[in-house]
Amino acid sequence: MLDFDLTEEQKALQKMARDFAEKEIRPIAEKLDKSQNLLQDFPWEMIKKADALGLRTIALPEEYGGPGYDLRTWVVLIDELSYPDVACAKILTQCWKGARRLAEQGTKAQKDRYLTAFRDDPTYLLGGARTEPGSGSDNQLPYEAPNAGVMLTAQRQGDHYVLNGRKHFISNSPVAKMLVVTARVDKTVGGVAGSRSFIVPTDTPGFKVASVHDKTGFRMYLQGELDFDNVKVPVENLLEKEGGRGGAEGVASKVELAAHAMTLARAALDAAIKYANERIQGGQAIIHHQAVAMDIAEMYQVLHAGRTLLWRLAWAGDTGQADPALMHSTKVFCTEAALKICLTAMEIFGGSGVMRELPMQKYVRDAMVFQHMDGTQQINRIKVGRILATRFNQEGRLSR
Ligand SMILES: Cc1cc2nc3c(=O)[nH]c(=O)nc-3n(C[C@H](O)[C@H](O)[C@H](O)COP(=O)(O)OP(=O)(O)OC[C@H]3O[C@@H](n4cnc5c(N)ncnc54)[C@H](O)[C@@H]3O)c2cc1C
């Protein structure tokens, strides 16, 4: 049964995450957003304090010393952590995805080695590297021609694979200690059949962060451009089980991203209501002008439609019923809803909406970045269209 009540444990976690976010993230958020030296200003102290509360390792399974929280608990935590600054929270939740993926797809030896290393080092951050300068949507949809897909090669040489090539836009990579890297093992076939994923510690010789990308929003959530120059990884680092984007890995990724988007939207709506209550024009607070009140009502409706969809997807993921069409739709709906809500909130702020000293312009910049993460909106929509067409043809109607 789909239940919206929080457990006592979730309520306690919610309070802990809220206190942490207000005490440790809010005071640094604005400075980090304006950083001129992203690597130098990276919030390591915040990460260590989060780790001390278990907020870096919540996805670790119990046998590796973590709580292995379900996706609904992820949503509850993100809803607090992301409220003052989505970028800081995303650094942590990227590790939740990475740990969950390794727990689901790794061998026992891989988990013993890498999940333990991750657990024991408060500064051990994780990332996943698929995208390349020449391969973006092609490895999402994918376009299955031998000359498309990831081109970073992994060549078997004895008991090692040797990786050569370049990745870009890879989250957490400039500060991560381990990445799961998708590489091409066979260029004579399409990308899915010809690619495999490898665990790559970032201190492996030949691995280099060539540059740190500078974005308009989400600024302290760092992406790197990565060079692999004869990076040797042992064959034991090959991930045997590929989860695939429609599987368990996919649902966690979509829930996580949509949860951040909805939290950002909630923060923007709260700011807009506060401003509309305080700003007097035409002799009264602007919230009493019908046009503003209608905007706020619509923002509220869209926010709660998105939050309900998100909770349903998290529940489906937790109960093994994740439907890929719902996954991609939730990502698109929630991230577009966030942008729409942030833009409307900016309108309500009038000229103050674009002033640097107020947070509204930051909300809009952050909301814009969501549109391109975990596949573009077009690509996610195309996937939904394909799934529904196949399902309709098989079942004669859409029963789910
Ligand atoms: C902040 C951020 C964080 C990211 N983090 C990671 C990460 O951690 N790991 C990782 O591997 N990647 C990451 N990415 C990369 C992200 O997944 C890609 O940006 C995304 O897949 C799109 O690829 P692209 O930017 O090359 O765009 P392109 O693929 O070049 O697309 C350009 C445009 O063409 C459209 N298009 C392309 N192909 C088709 C098609 N076949 N049919 C219809 N339309 C099409 C797209 O929808 C888009 O509008 C991140 C990106 C951002 C912005």
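Pick from THR390, THR335, THR123: which residue has the top mean-square fluctuation in a GNM of the chain where Cα pairs under 10 Å get a spring? Among THR390, THR335, THR123, the largest mean-square fluctuation in the Gaussian network model of the chain belongs to THR390. Derived scalar couplings between HN and Hα for the stretch 30-45 equal 5, 5, 5, 5, 9, 4, 9, 9, 4, 5, 5, 8, 3, x, 4, 5 Hz in order, rounded to whole Hz, by the Karplus curve 6.51 cos²θ - 1.76 cosθ + 1.60 (θ = phi - 60°), x for Gly and Pro. What's log10 of I(q)/I(0) for the stretch 71-112 at q = 0.26, 0.28 Å⁻¹, Debye sum over Cα points only, no solvent? Debye curve over Cα of the stretch 71-112, log10 I(q)/I(0) at q = 0.26, 0.28 Å⁻¹: -0.85, -0.91.
When the stretch 126-237 is described by a simple charge dipole with +1 on each Lys and Arg Cβ and -1 on each Asp and Glu Cβ, the residue from VAL212, ASN230, ASN164 located farthest towards its positive end is VAL212. Amide H contacts of PHE207: ASP229, each under 5 Å away and 5 or more positions distant or on a separate chain (H built 1.01 Å from N in the peptide plane; Pro and chain starts excluded). Pairwise alpha-carbon distances in the stretch 126-237 exceed 26 Å for 15% of all pairs.
Coupling constants for the stretch 62-67 follow from the phi torsions by the Karplus curve (6.51 cos²θ - 1.76 cosθ + 1.60, θ = phi - 60°), and in residue order they are 4, 5, 10, x, x, x Hz; glycine and proline get x. Summary value for the chain: 15 percent relative contact order, contacts being C-alpha pairs under 8 angstrom separated by 6+ residues.
Around the amide H of ARG279, modelled in the peptide plane, lie the amide H atoms of ILE286, all under 5 Å away and 5 or more residues distant in sequence or on another chain. Classify the stretch 248-395 as rounded, prolate or oblate, taking a ≥ b ≥ c as the square roots of the eigenvalues of its Cα gyration tensor: rounded when a/c is under 1.5, otherwise prolate if a/b is larger than b/c and oblate if not. In terms of gyration-tensor shape, prolate.
With contacts taken as Cα pairs under 8 Å and at least 6 residues apart, the stretch 8-120 reaches a relative contact order of 31 percent. Our summary gives the stretch 126-237 a relative contact order of 31 percent, counting only alpha carbon pairs under 8 angstrom and 6 or more residues apart. Distances between placed amide hydrogens fall under 5 Å for LYS232 paired with LEU163, all partners being 5 or more residues away or on another chain. Name the trypsin sites (Lys or Arg not before Pro) in the stretch 291-395 that are in a loop by DSSP and that have at most 11 other C-beta atoms within 10 Å, would you? Hits after loop and neighbour filter: ARG356. Carbon-plus-sulfur accessible fraction, the chain (probe radius 1.4 Å, protein heavy atoms only): 53%. A 1.4 Å probe, protein heavy atoms only, puts the accessible area of PHE392 near 100 Å².
In this structure MET16 has an accessible area near 50 Å², from a 1.4 Å probe over the protein heavy atoms.
Under a model in which nothing but the beta-carbon of Lys, Arg (+1) and Asp, Glu (-1) is charged, the stretch 243-379 shows a dipole of about 100 debye around its Cα centre.
Where only DSSP H runs of four or more residues are counted, the chain gives -15000 deg cm²/dmol as its mean residue ellipticity at 222 nm, each run worth -39500 (n - 2.57). Entry for the chain at q = 0.08, 0.10, 0.12, 0.13 Å⁻¹: log10 I(q)/I(0) = -0.43, -0.67, -0.97, -1.13, Debye formula applied to identical alpha-carbon scatterers, no solvent contribution. Rounded to whole numbers, the Karplus 3J(HN,Hα) couplings from phi for the stretch 143-156 are 8, 8, 10, x, 8, 10, x, 5, 10, 5, 9, 10, 10, 6 Hz, using 6.51 cos²θ - 1.76 cosθ + 1.60 with θ = phi - 60°, and x at Gly and Pro.
The aspartates and glutamates whose alpha-carbon is closer than 16 Å to the alpha-carbon of LYS232, local same-chain residues fewer than 8 away aside, are ASP159, ASP203.
What trypsin sites (Lys or Arg not before Pro) does the stretch 4-105 have in DSSP loop regions with at most 14 other beta carbons within 10 Å? Counting only loop positions with at most 14 other Cβ atoms within 10 Å, the trypsin sites (Lys or Arg not before Pro) in the stretch 4-105 are LYS34. The GNM of the chain, with springs linking C-alpha atoms under 10 angstrom apart, assigns the highest mean-square fluctuation among LEU152, LEU81, LEU388 to LEU388. Within the chain, the longest run free of exposed loop sites, counting GluC sites (Glu not before Pro) that sit outside DSSP helix and strand states (H, G, I, E, B) and have at most 12 other Cβ atoms within 10 Å, spans 1-239. In this view, the solvent-accessible surface of ILE273, computed with a 1.4 Å probe and all protein chains in place, comes to about 50 Å². The residues neighbouring LYS31, those whose beta-carbon lies less than 15 Å from its own, together hold a net charge of -2 under the Lys/Arg +1, Asp/Glu -1 convention.
The values are calculated or read from the model by the stated rules, or taken from the named source; none is laboratory data. This structure is a prediction, so every number in the text was calculated from the model and none was measured. Here the Cβ is made from the backbone with ideal geometry for all residues, glycine too, and neighbour counts use every protein chain on show. The protein model used for the area step is the full one, side chains on, heavy atoms only, and it has no ligands, DNA or RNA in it. Shrake-Rupley method; radii C 1.70, N 1.55, O 1.52, S 1.80 Å.
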